[in-house]
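The values are calculated or read from the model by the stated rules, or taken from the named source; none is laboratory data. Note that the structure is predicted; figures quoted are calculated from it, not measured. Counting neighbours? That spans all protein chains shown, and the Cβs are built from the backbone with ideal geometry, glycine included.
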């Protein structure tokens, strides 16, 4: 994506991530920049089928991202340019890596985040603490106007 720095948004297929993507699209239109929609996925091999399973996991992650983006874009009129990246790795690490040259990083929190955060840590917390760019965190259940 050339021109102004893009807005990076984490997309995991959840309703919360769809709202974050919608917010990022609207903000990108206001700023005159593009959006980089990033879906992180983790490969967990099972036995000797690892090479085939890895290719299938990568394909499925790409399809999942495309469907999530299409669901949001199809409900809108005008949208900015959208780059879609499905990347193997932990969500926080992938988002931090692909937002280093961004104008902004957008993430959503999820319902039940407190329990997950207590056990595993929060992706949004890691992004806020470690990102080199400003981070917008949309809380679970937030109402985001469209268009």
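Return the only residue of 66, 102, 92 being touching a strand residue (DSSP E or B) at 6+ places or on another chain (Cβ under 9 Å), at pLDDT 95 or above and over 30 Å from residue 53 (Cα atoms).
Sole residue among the options that is touching a strand residue (DSSP E or B) at 6+ places or on another chain (Cβ under 9 Å), at pLDDT 95 or above and over 30 Å from residue 53 (Cα atoms): 102.
Take the residues in the range 110-135 that are assigned to a loop (DSSP other than H, G, I, E, B) and modelled with pLDDT of 95 or more, then tell me which one is surrounded by the most Cβ atoms within 10 Å (Cβ to Cβ).
Step one: list which residues in the range 110-135 are assigned to a loop (DSSP other than H, G, I, E, B), which gives 110-112, 121-122, 131-134.
Applying the additional criterion that residues be modelled with pLDDT of 95 or more yields 131-134.
Values: 131: 19, 132: 11, 133: 16, 134: 12.
For the range 110-135, the residue satisfying everything is 131.
What pairs come up if the first residue lies in the range 128-147 and is closer than 13 Å to residue 24 by Cα, the second is modelled with pLDDT under 70 and in a loop (DSSP other than H, G, I, E, B), and their beta carbons are under 7 Å apart, counting only those six or more places apart or on different chains?
138/144
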